[in-house]
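Inspection log for the structure reproduced underneath, given as structure tokens.
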Amino acid sequence: MLIGLIADVHSNAVALKAVLSALADSGVERILHAGDIVGYNPYPDETIELFKRNKIISIMGNHERALVTGDTSGFNPYAKAALEWTRNEVSLDNSGYIKGLKNIESITIDEKRIVLVHGSPYDIDEYVYPEEVMPEMLSAANADILVLGHTHIQFKKEYPEGIIVNPGSVGQPRDGNPRAAFAVLDTESGKIELERAAYDIEKVIEDMLAAHLPEKLALRLRIGF
């Protein structure tokens, strides 16, 4: 089975649609998301509706937890402003959907145990950069394939024990490539391919500025940083 792996969509429905199209073209049957559906970008309700319509399995990222709890103390001023804007935009029904998400999800497909966590198996809010990845994280998560998010940096690390992957950010990449990031897992072969999809960045910027979201968040989409 082909599984789509995504993370950090951050209310960017335009980028998500491009990724969904690419995944459909690849023959993907299920999609897993490693947290942060909302935040930063201007389409929270549309993004959540796409998750529901496409039956995407997601966990709760730090932006979802902040949306639910109201605690933005760990956020920079731009992220905080965007989340406060998001809180006023999300429908009651979609807010309920967010509240129902788990912090960690484990799914077994074709005898492969896939674990989703936004930060790390040790701390759900920890930033794990490529140079900090350790194979011990697989045993800590009891995973054959460990899917992380949070850093918005795409990487894959293969070990005898399994694979640790961050599919990168769909909605706000920070690895110098502005195209939407995702990955495809073939559960039969155990291989993961890292992929990118182009999308209409200028439309998102225009809509962000029209919504009076922070200009810094909008312009960074052009450089993927």
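Values for this structure:
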item: Answer from Val170, Val165 - the residue that is within 14 Å of the chain's Cα centre (by Cα), closer than 29 Å to Tyr78 by Cβ, β-branched (Val, Ile, Thr) and assigned to a strand (DSSP E or B); result: Val165
item: Ser95 within 26 Å of Gly4 (Cβ to Cβ) and in a strand (DSSP E or B); result: no
item: Residue match in the range 2-19 (condition: closer than 18 Å to Val68 by Cα and among the hydroxyl-bearing types (Ser, Thr, Tyr)); result: yes
item: Those residues of the range 132-165 which are aliphatic (A, V, I, L, M) and free of Cβ contacts under 8 Å to residues at least 24 places away in the same chain, in sequence order; result: Met134, Ala140
item: Evaluation of Arg65 against (1) part of a helix (DSSP H, G or I); (2) in contact with a strand residue (DSSP E or B) (Cβ under 8 Å, 6 or more places away or on another chain) (one fails), failing number; result: (2)
item: Boolean, Glu126 is in a strand (DSSP E or B), of a type outside the set (A, V, I, L, M) and free of Cβ contacts under 8 Å to residues at least 40 places away in the same chain; result: no
item: Qualifying residue in the range 21-30 (condition: closer than 20 Å to Gly70 by Cα and modelled with pLDDT of 95 or more); result: no
item: Sole exception among (1) over 21 Å from His33 (Cα atoms); (2) without any contact (Cβ under 8 Å) to a residue 12 or more places away in the chain; (3) of a type in the set (D, E, K, R) for Arg220, by number; result: (2)
item: Given (1) free of Cβ contacts under 8 Å to residues at least 24 places away in the same chain; (2) assigned to a loop (DSSP other than H, G, I, E, B), index of the condition Gly39 fails; result: (1)
item: Residue within the range 130-139 that is over 15 Å from Ala7 (Cβ atoms), in a helix (DSSP H, G or I) and touching a strand residue (DSSP E or B) at 6+ places or on another chain (Cβ under 7 Å) present; result: yes
item: Ser189, sole failed condition from (1) at pLDDT 95 or above; (2) over 23 Å from His10 (Cβ atoms); result: (1)
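The values are calculated or read from the model by the stated rules, or taken from the named source; none is laboratory data. Just so we're clear, the structure is a prediction, and the values are computed from it rather than from any experiment. A quick note on method: Cβ atoms are made from the backbone with ideal geometry, for glycine too, and the neighbour counts reach across all protein chains shown.
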